[in-house]
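Take a look at this one; I'll ask things after.
The values are calculated or read from the model by the stated rules, or taken from the named source; none is laboratory data. As the structure is a computational prediction, the values presented were derived from the model and not from experiment. All Cβ positions, even for glycine, are placed from backbone atoms using ideal geometry, and neighbour counts span all protein chains on display. For the accessible areas, the whole protein counts, side chains as well, though only heavy atoms, and no ligand, DNA or RNA atoms are used. Shrake-Rupley method; radii C 1.70, N 1.55, O 1.52, S 1.80 Å.
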Amino acid sequence: MSADPTGSGGRPHVLILGGTTEARRLAEALAGDEPAGAGGEGISHALHDSRDSFRVRVTTSLAGRVVNPVLPPGETRIGGFGGPEGLAAWVREHGVTHLIDATHPFAERMSFNSAEAARAVGVPLLALRRPAWEPVSGDVWHRVPDLGAAAKVLPDLGTRAFLTTGRMGLAAFAHLDRTWFLVRSVDAPEAPMPRHTEVLLARGPFGLADERELLRAHRIDVLVTKDSGGSATAPKLTAAREAGVPVLVVDRPPVPDGVPEAPSVVEAINWLAGALS
Ligand code: NAP
């Protein structure tokens, strides 16, 4: 039997559940390639030993939804684990010592799975969640709890909708035959989808000038978005505000009970540094 069955060489092993910009930036910071941003450099260095070799082993897990994902530094694995039990087994087998759920705020299933697995194995878990968006003066927002509620309200707000809720949620709008949809997603969506749909394949980030032009050119009169959060001035929200276009904002699901949250990559690194010290 190998003296180092998990291959970590005695180092802590951080598993990042990824699929977001923050997850990639965290992997970059922990793998030493990039600073984590303002204030992150020193903290990042604290996670490396004096010989400049990595004190932490970093693995990022991706769901495998995007056809050509941008892979972060460190190790990567792709595909589901097989529920919380599968994730717990993977964590045990690979000697994971710290789990960071840096999935998208709307990846609810995976957040639940990570809470269950962390509890079962007894590894510390952190949820890295960018802050939710807040409306500013001039915004016309209608908050709804989920995509189904958004589909109910949508016909009252407009007839030409810009749908930015991702290709996986299109089914919720499929029955709306009287609304024209512009659907933007990274990969092509699959049926069921609304009858009058134009698909725009694009990967962000998107600039304000482009978002303005997109609303104008397609005569968009309602925007539908999840509250993905992050930059307080998401260009599509600014463009909608300027054009007086109402926005249906789908609220994010809560982080599972008892799981600590960090709002930024730097805060996540601080948590990890604290957990390691
Ligand atoms: P989800 O509904 O919470 O998860 C569904 C299943 O996908 C999970 O049960 C798990 O399968 C697998 N999975 C999800 N994230 C994974 C990861 N990082 N590594 C390995 N397996 C993962 O998730 P989703 O909403 O479909 O999102 C999938 C991925 O896309 C996530 O990584 C998320 O960060 C990213 N993403 C999601 C959104 C969004 O709006 N939902 C937006 C941008 C990016 P098993 O149970 O088999 O382990």
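Measuring with a 1.4 Å probe in the full set of protein chains, what accessible area per residue, in whole Å², belongs to the chain?
48
In debye to the nearest 20, how big a dipole does the chain give about its Cα centre with +1 on each Lys and Arg Cβ and -1 on each Asp and Glu Cβ? Display every interim value, and only then the final one.
Working: 28 positive and 32 negative charges, 95 e Å.
Dipole size: approximately 460 debye.
Shifting gears a bit: Please report, as a whole percent, how much of the solvent-accessible surface of the chain comes from carbon and sulfur atoms (probe radius 1.4 Å).
Working: 7050 of 13380 Å².
The computed percentage sits at 53.
With a 1.4 Å probe and all protein chains kept in place, how do 146, 221 rank by accessible area, largest first?
Order by accessible area, largest first: 146, 221.
Taking a 1.4 Å probe, which of 193, 168 shows the most accessible area, and what order do the others take after it?
Largest to smallest exposure gives the sequence 168, 193.
Next question, about the same structure. Calculate the tail of P(r) for region 141-250: the fraction of all Cα-Cα distances greater than 18 Å, expressed in %.
Working: 2542 of 5995 pairs.
Taking all Cα-Cα pairs of region 141-250, the fraction more than 18 Å apart is 42 percent.
Another question, then. Please state the Cα pair-distance histogram of the chain with 5 angstrom bins from zero: what percent is in each bin?
With 5 Å bins starting at 0, P(r) equals 1, 5, 12, 15, 16, 15, 12, 10, 7, 4, 2, 1, 0, 0.
Could you tell me how far the Cα centroid of region 229-276 sits from the Cα centroid of region 167-191, in Å?
If you average the Cα positions of each part, the centres end up 24 Å apart.
Given R₀ = 35 Å, what would the calculated FRET efficiency be for residue 191 paired with residue 21, taking r from the Cβ atoms and rounding to 0.05?
The value I calculate is 0.75.
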